[in-house]
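The values are calculated or read from the model by the stated rules, or taken from the named source; none is laboratory data. All figures in this text were calculated on a predicted structure; none of them were measured in a lab. Positions of Cβ are generated from backbone atoms using ideal geometry, with glycine treated the same way; all protein chains shown enter the neighbour counts.
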Amino acid sequence: MAYHRIFTKSEAAFRLSFRELVRRNPVIYFWSFTAAEPMSDWEFADAWHRFWSEVYRHVRFDFEGLRTFEPHMGSGERHGFLHAHMVCNERLPVADLRAVARGTGIGPMMKVVRADAGLEDYLCKYLTKSFGRAGSHCWAKLGDWEHTRKCDIVVESREANFFRACYKLTGRWDLARVLASKYDLWERWNDPKVTLRNWQDRLATDPDWASLAAAMAGFPKFSKNEISL
């Protein structure tokens, strides 16, 4: 299948994990769970954690799955009733799951079907949605199996290489973001706070910046407010 847009690292990792799940399991099931009542995103994430901690005690030892969160957008009586979707290799008894869900924040409205083609794209629609509390990821692996993590995805581009060089220089992601964003501003709008002389002088005199010099090799050259490729 050909795609004509740029994926985030998170989406790329999810897609590779989903395909590995399908490869390992000839039949997978698609589950939908709904919040018991309107709640915030982080409250729903906590509810799911309580629910799944109990469910996991009853699954097979070879259970494999993925989970995504879906916010219910818009207004009306269903506003705030968030969803969790799960794809897995086991069709668990719905009655048992409803019993386990009582008091966790996950409601009795549950649905399970055999997964059809196109499910990967459907689930990826929700990967750009963020859930408020740090650590409440929009998707996660369920069970003990080898999947693709976000940190396994390496992006090769001028911008990515430059950012990694900034991190290697500073050892801090926050400072690397500042350096990369300053250069981006300067590149796009000729930010007066970050001049060409600032960068050239530092690269020429400080050996610790050698990695930045290599990373900048592919960037356009600036001279007298003009760009030459």
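Table for the structure above
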quantity	calculated
Selected residue (only one of T68, T8, T34 is closer than 23 Å to C124 by Cα and modelled with pLDDT under 85)	T8
Subset of region 23-42 that is surrounded by 17 or more Cβ atoms within 10 Å (Cβ to Cβ) and not hydroxyl-bearing (S, T, Y) - its residue that is farthest from R67 (Cα to Cα)	A36
Within region 122-157, tally of residues that are under 12 Å from the mean Cα position of the chain (by Cα), of a type in the set (G, A, S) and at pLDDT below 80	3
